[in-house]
Amino acid sequence: MALMIPPVKLKWLEHLNSSWITEDSESIATREGVSVLYSKLLANKEAVLLPQQVLCLKGPQLPDFERESLSSDEQEHYLDALLSSQLALAKMVCSDSPFAAALRKRVLVLQRIFYALSNKYHDKGKVKQQQHSPENNSGSTDLHSVSERPRSSTDALIEMGVRTGLSLLFALLRQSWMMPPPPGPGGGHGGNINLCNDVIHTAIDVVSSLPPLSLANESKIPPMGLDCLAQVTTFLKGVTMPNSGADILGRRLASELLLGLASQRGSLRYLLEWIEMALAASAVVSTMEQNELLQNQEGLIGYDCFMNILMQMRRSLGSSADRSQWREPTRTSDGLCSLYEAALCLFEEVCRMASDYSRTCVSPDSIQTGEAPVVSETCEVYVWGSNSSHQLVEGTQEKILQPKLAASFADAQTSVCCRAARLL
């Protein structure tokens, strides 16, 4: 018989995953459909046929005629050898049948389709993002299943150290603002030493020194890093409330650190969460004003810190709107501004960015009506890929692995990403 499928070497190609996902699943139920899909595997060199192995048809070595009877152990050994030989022969005959050949093809095709589905819809990086999605983010810091893969003992020890370290840090920070300041030399209160404020101020300096959007690509952040960001964000949100127990400076610094983290993560979700936090804190401040329990400088944020982040967003946007129409919060004599006004300014900026972006996307209706897309005043062009023919106008480097800001296209009227085609 020639129906037996020779052994194959499997090598899935990632760029073909999309085509395998769209294959008709009903065709797998028929032998003709399976044969077509199996031929596709062979044509794409995802299944490479290996040389046929030599079949060993020689049976077990049985003893010659002997006068003496064999022992029970020897008889059992020879019997097992005969049964194993018959089983191997039965497997060979069954695998040589048309049913076995079709079944083997069907298994290989299913294996390829399941691999494509797993990589597209069950990728570990996407599972991590879903676990940190708004639906799953209820504000609690108890994120048990960060990843489905089994963790080693080293990973477990590191996670235990990080989690316990964060819990200890949060407990110390809460305790620091609940304890009275140490007495000074003259018996009065000491200086303005506050552990919580010093730690948050240091964190603000670190976040401010990072390049823009350093935390935007969550797929490159390990699960433990996302977990730590979620815990820190939840803690800071609690600190910003006037009834949290922290002093006024601590609440202000927590608001600034939250805004810095939101801008670094570069997602609309985190900006809206900061706006929600600012409005909630402002509502509590308004209630305290009605009850005449308000202290000085309550519900404020640093003006320079807020405007630096806002101007960074505007520079990256390159908005074509009139700059005189840009809303800015009112600056106090102490260099502060209202959280409520800051939230409104940020929300207005987010809406303007969405409006400008929607108008830059030319739809078929706008083309028919003759509407021209909005072109930003400033644009940045990033290039990467092959530069063998100097088509990217970036020196003599033949290949640019990371996106690089191209100064040669500074006068371009639209934002363009140039990438040379790859030869497969």
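Computed from the coordinates by the stated procedures, all read-outs in this text should not be read as laboratory data. Please read all numbers here as calculations on a predicted model, not as lab measurements. Neighbour counts are summed over all protein chains in view; Cβ atoms, including those assigned to glycine, are modelled from backbone coordinates with ideal geometry.
Efficiency by 1/(1 + (r/R0)^6): what FRET value for Ser358 and Leu103, r their Cβ-Cβ distance, R0 = 56 Å, to the nearest 0.05? Efficiency computed from Cβ-Cβ geometry: 0.60.
Taking R0 as 56 Å, what's the FRET efficiency between Ser219 and Val284 from their Cβ-Cβ distance, rounded to 0.05? The pair Ser219/Val284 has a calculated efficiency of 0.95.
Among 225-238, 326-339, 23-36, what's the highest-first ranking by average C-beta atoms within 10 angstrom per residue? Let's see the in-between values first.
Numbers: 225-238: 18.4, 326-339: 15.5, 23-36: 13.4.
Output ranking for 225-238, 326-339, 23-36: 225-238, 326-339, 23-36.
With a simple spin-label model that places each label point 7 Å from the Cα along the Cα-to-Cβ direction, the separation between Leu249 and Gln75 comes to 9.6 nm.
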